[in-house]
Structures are given as structure tokens and as C-alpha cells.
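Structure, as C-alpha cells:
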Amino acid sequence: MLSLRRTSKKVLLTLLALALVATAVIGTYAWSWQGAEMASFDAKYDKDGFVFGVRYSQIGAVHNKGRSLAGNNILADKEECGFWEPSVREDFFNMKALGLDAVTINLFTLLEGVEFDEAGQITGLDPAFLDNLKVVMNTAIENDLKVAVALQPALNELAYGVAGASKATWDKYTQLYYSETVRAQYIEKCVKPALAVLKDYENILLYIAIVSQPEKDIAEIQGSWGTTWGKMVEFVADVNDVCKETLPKVATTVETEAAYLSKFNGIALGAAGADLYTDAGKADDLADATSAFPMYLSRYGIKKGNSATEEFLVQKNRDILNSAIDKGYMGAFFDEWISQQTTRTVFLDGTLRQWALTMYFAAESYRDTRNDNWDDKPVKMLYNHNDGNVQWVGSALASTYTVERSADDGATWVAITDALDAGSVSNSYFLCSYKDDNREDGVTYRYRVISDGSIVSEPTN
């Protein structure tokens with residue numbers, strides 16, 4: 001197993017820096033979106049050069065209770081909305097602590113929130129959908145995260161794989177792909193209301209992906225059900241026009257396997273997202289790409305699944321990330337961040353924390369090669385549940401930590417520990433913790449950590 005013990009921290013940082021130093025020049029080529037002046041790409045992105053992101057498909061979801069922003073009016077077992085605001089707040093706080101710049105959220109997953117009549121015509125959108133979308137966007141602002149939006153993820157699960165799915169179900173509720181009438185309803189009653197909300201957050205929007213994984217809804221690929229590539233391209237073009245009209249400064253994209261990107265070259269997009277699952281640890285050469293647009297990795301991960309060893313998982317995902325930087329991709333979004341632990345999740349509470357923390361040091365080391373002044377001693381605090389369990393991302397450079405506590409929302413701070421040896425509070429994956437057992441009932445506490453006696457972290461929530 002790949003070791004990340006304290007004795008190897010500086011070795012790890014050196015290796016990461018060496019792996020990335022040859023690619024630092026890529027940072028001079030910031031995201032350059034065709035046909036869009038990106039208001040959200042301010043000096044921060046001019047400086048960072050590469051966007052480190054993660055997909056957040058199950059938005060604050062309670063498992064198996066729906067994966068979007070409202071209940072599902074098609075599948076009975078997903079009728080209940082699974083959106084849970086505290087989960088979003090915790091997840092976004094921890095994403096930022098891990099050095100991530102951005103998060104991709106799916107909107108109309110399995111058409112959740114969309115209301116239909118008996119014939120499958122679209123009649124409206126659940127108001128809770130828009131309310132919950134505002135919560136997500138506000139939470140992103142609170143945590144200094146940019147947001148990428150996948151407007152319409154693949155609908156293949158309406159045909160198989162979940163209770164109530166069938167070809168008949170897919171045919172009835174996916175008329176937006178092939179019926180001009182239903183597509184107009186979808187645009188007026190669903191897309192435009194969502195865009196109206198997003199317009200208020202234009203400064204944090206990275207892009208809007210009109211479709212994500214459209215190949216999963218193509219009959220030529222799926223066989224017994226699906227639409228045609230021609231109809232899919234028409235759908236993307238029509239929705240793209242509305243997005244450009246409402247949010248002209250925000251780039252539009254499609255996200256699919258690299259082999260299919262050329263099908264959308266005739267649409268006025270701003271970028272193209274390539275999905276990449278590989279055990280080789282390498283991103284495709286952009287010179288071989290068939291897309292006419294600047295590219296990013298919309299999803300990346302390994303193919304082995306749960307049979308992969310932790311060492312393989314960490315090494316290959318890190319290789320993909322470094323390769324994407326080296327080859328000129330403008331960003332990469334790991335697939336994915338959810339509450340269930342698999343080899344395709346960023347996970348802080350189990351064995352996959354090793355990958356989560358490795359991602360952090362990869363991102364921070366990349367920034368070091370660009371800025372020449374990186375110092376991770378201001379440790380990154382993780383989400384505080386007010387249960388006395390204080391957690392933070394450890395520093396590779398610090399020798400001691402002192403934990404401080406505030407009972408008045410940060411107005412005053414009191415040390416609750418002496419200088420703790422870093423090794424005594426850190427596990428083998430840089431995840432540090434301290435248990436505060438001297439707490440008063442009914443008091444809400446915030447915490448911060450001081451590294452080596454003088455470097456003060458940002459406080460917890």
C-alpha cells in the first residue's frame with residue numbers, strides 16, 4: 001500500500017512538485033472559452049491556470065431518496081425529495097478544505113422536479129427545485145467554490161436499472177428529445193426558470209453543460225430504446241440558444257466520451273468536456289481530439305471498480321490528473337463526491353481518504369509551481385458538527401499544532417491544548433483529529449488550529 005506517513009510527507013511533496021513542475025507553463029494558458037467572456041474567471045483563475053474540481057451528482061442526498069433538487073414524478077420509489085441542506089454545507093466546506101476550486105452539479109437528473117400530465121407532456125417545475133438550487137449556489141459562495149452545471153444528465157435509468165423503469169417509461173417521459181412540442185415545454189417550464197435563478201449567480205458559474213453522457217440515450221448504442229444522434233444534436237442546439245440568450249457570458253458545453261464530441265462541432269459551444277475512465281493513468285492527447293472547442297475532463301477515474309487496490313486507485317488517479325495538466329486540459333472533475341464509499345468517490349471517513357488527501361497535495365503542489373510561495377502550514381479545517389470531534393487536513397511542513405476554541409462565534413479564542421506533536425494527532429493519511437471533551441451543553445463552538453505556534457488556520461463553520 002502506498003504510504004503517506006508523516007516520515008514521507010516531504011518526499012511526497014517533492015515527488016508531486018517534480019511531476020508538476022514541467023507542466024507549470026500550462027498555467028499561462030488560462031481557460032479560454034470560445035464565444036464567451038467568462039465573468040467568473042477572474043484573477044484567481046488567471047493565477048491558478050488549472051481547475052481542480054469534483055462532480056457532485058447526489059446533491060446533499062439521502063441515499064435512495066432521489067439525487068437531484070426535488071422529488072421524482074416518474075419513479076415511485078424516488079418520489080420523496082432527498083435534498084438535505086446540512087449535507088450540502090458539510091460537503092462544500094470539505095471540498096474547499098481539500099483544495100478544490102469547483103463543483104459540478106446535475107440539475108434535471110431523471111427529470112426530478114419536472115411535472116407531467118398523463119400523456120407525458122411537461123406541465124411545470126416543482127418550486128422546491130428552484131429553492132434548493134438557490135441553497136446550493138449560496139453555499140458555494142460561502143465556501144468560495146465555482147459551480148459548473150450539467151443541465152440534462154442522461155436519462156437511461158428511466159429505461160432500466162431502477163424500479164418502474166422500462167422502454168415504455170423512457171419513451172413517454174423523454175419526448176423532449178424528439179418532440180418539438182415537449183421540448184418547447186421543457187425549455188419554457190424547466191430550463192428558463194432554472195436559468196433565471198442561475199443568472200443571479202453568474203459570477204460563480206464556470207459553464208453550463210447542455211447534456212451530460214448523451215451517448216447513454218442513443219438508440220444506435222443502446223439498441224432497444226433511445227433517440228438518434230440527429231435528434232440529440234437538435235435538442236442541444238435548441239437548449240444552447242436559450243442558455244446563450246439568458247447567460248451570454250457563461251460558456252456552454254457538452255460532456256460525453258471523446259469519440260462522440262465531434263457530433264456537436266456545429267453548435268456554438270464554448271468548450272467540450274471529455275469523460276475519461278482509464279486504468280492507464282493517461283489523458284488523451286488534445287492533438288488527437290475531434291472536438292473543435294477547448295477541452296476539460298468532465299469526469300475522470302479508473303475502470304477497475306471496487307476490485308482496485310487502494311495503491312492502484314491513488315496512483316492512477318493522480319497520474320490522470322497530472323497527465324491532464326501536462327497535455328493542456330483546462331481542468332478536471334473527479335467522479336465523484338457522494339456519501340457512499342466506492343472507488344469513484346472522494347471519501348474522508350474510510351480507506352479512500354488517502355486519495356482525497358493525495359488530491360489535496362496534488363492541487364497545492366501545482367499551485368506552488370506557479371506561485372513559488374506555497375506554504376500549507378495554515379491547515380484546512382474540516383466540517384464541525386459541534387460534537388467535540390475537531391478535524392483538519394494536516395500540514396506537510398508543520399511540527400506542532402495548537403487547537404483553539406471560540407464560544408462567541410470567533411470574537412475571542414482560547415487555547416484548549418498545548419502544542420501537540422503533529423504525529424500524535426495525524427493518522428497515516430494526513431487527516432488530523434482532536435477530541436474536545438471539555439464542552440458545555442448548549443454551547444456552539446468554533447475551532448481553529450495554529451501550526452508551529454504562529455500560523456493560524458481559518459476557523460471551522
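Given the condition within 25 Å of T139 (Cβ to Cβ), free of Cβ contacts under 8 Å to residues at least 60 places away in the same chain, in contact with a Ser or Thr (Cβ under 8 Å, 6 or more places away or on another chain) and not assigned by TED's automatic domain parsing to the domain that holds M95, answer yes or no: does some residue in region 437-447 qualify? It would help to see each step written out before you state the result.
Residues of region 437-447 that are within 25 Å of T139 (Cβ to Cβ), as a first pass: 443-447.
Now restrict to residues that are free of Cβ contacts under 8 Å to residues at least 60 places away in the same chain: 443-444.
Next, only the ones that are in contact with a Ser or Thr (Cβ under 8 Å, 6 or more places away or on another chain) stay: none.
No, the conditions are met nowhere in region 437-447.
Consider region 205-241. How many of its residues are among the hydrophobic types (A, V, I, L, M, F, W, C) and more than 17 Å from A271 (Cα to Cα)?
Pass one, region 205-241, residues among the hydrophobic types (A, V, I, L, M, F, W, C): 205-206, 208-211, 218-219, 221, 225, 229, 232-233, 235-237, 239.
Within this subset, residues satisfying the condition of being more than 17 Å from A271 (Cα to Cα) are 218-219, 221, 225, 229, 232, 235.
So the count comes out to 7.
Scanning region 83-127 for residues that are buried (at least 22 other Cβ atoms within 10 Å of the Cβ), in contact with a Ser or Thr (Cβ under 8 Å, 6 or more places away or on another chain) and assigned to a loop (DSSP other than H, G, I, E, B) yields L107, F108, E112, G113. Within region 249-275, residues that are closer than 22 Å to L195 by Cβ have Cβ atoms under 7 Å from residues that are of a type in the set (F, W, Y) and at pLDDT 95 or above in these pairs: V254/F264, counting only partners at least 6 apart in sequence or on another chain. Within region 324-349, restricting attention to residues that are more than 19 Å from the chain's Cα centre (by Cα) and not basic (K, R), the residue that is modelled with the lowest pLDDT is G328.
Please determine, by comparing only the residues of region 391-419 that are outside any loop (DSSP other than H, G, I, E, B) and at pLDDT below 90, which one is surrounded by the fewest Cβ atoms within 10 Å (Cβ to Cβ). Before the answer, list the steps.
If we filter region 391-419 for residues that are outside any loop (DSSP other than H, G, I, E, B), which is where we start, we get 391-393, 400-406, 414-415.
From what is left, the residues that are at pLDDT below 90 are 391-393.
Values: Q391: 23, W392: 25, V393: 27.
Once the filter is applied, the top-ranked residue is Q391.
When region 213-254 is filtered for residues that are surrounded by 22 or more Cβ atoms within 10 Å (Cβ to Cβ), among the small types (G, A, S) and out of contact with any helix residue (DSSP H, G or I) (no Cβ under 7 Å at 6 or more places or on another chain), only A251 remains.
Going by what's in this entry, would D171 be described as within 25 Å of the chain's Cα centre (by Cα) and over 27 Å from A272 (Cβ atoms)?
On the way: within 25 Å of the chain's Cα centre (by Cα): no; over 27 Å from A272 (Cβ atoms): yes.
No, not satisfied.
Wholly within region 155-265, which helices (runs of 4 or more DSSP H) include no fewer than the required count, namely at least 2 residues that are touching a strand residue (DSSP E or B) at 6+ places or on another chain (Cβ under 7 Å) and either at positive phi or in the same structural domain as Y300 (by TED's automatic domain parsing) (or both)? Explain how you work it out, then say what you get.
Working: elements: 167-173, 180-186, 192-199, 219-222, 229-246.
Answer list for region 155-265: 180-186, 192-199, 229-246.
The values are calculated or read from the model by the stated rules, or taken from the named source; none is laboratory data. As the structure is a computational prediction, the values presented were derived from the model and not from experiment. Positions of Cβ are backbone-derived with ideal geometry, glycine not excepted, and every protein chain shown enters the neighbour counts.
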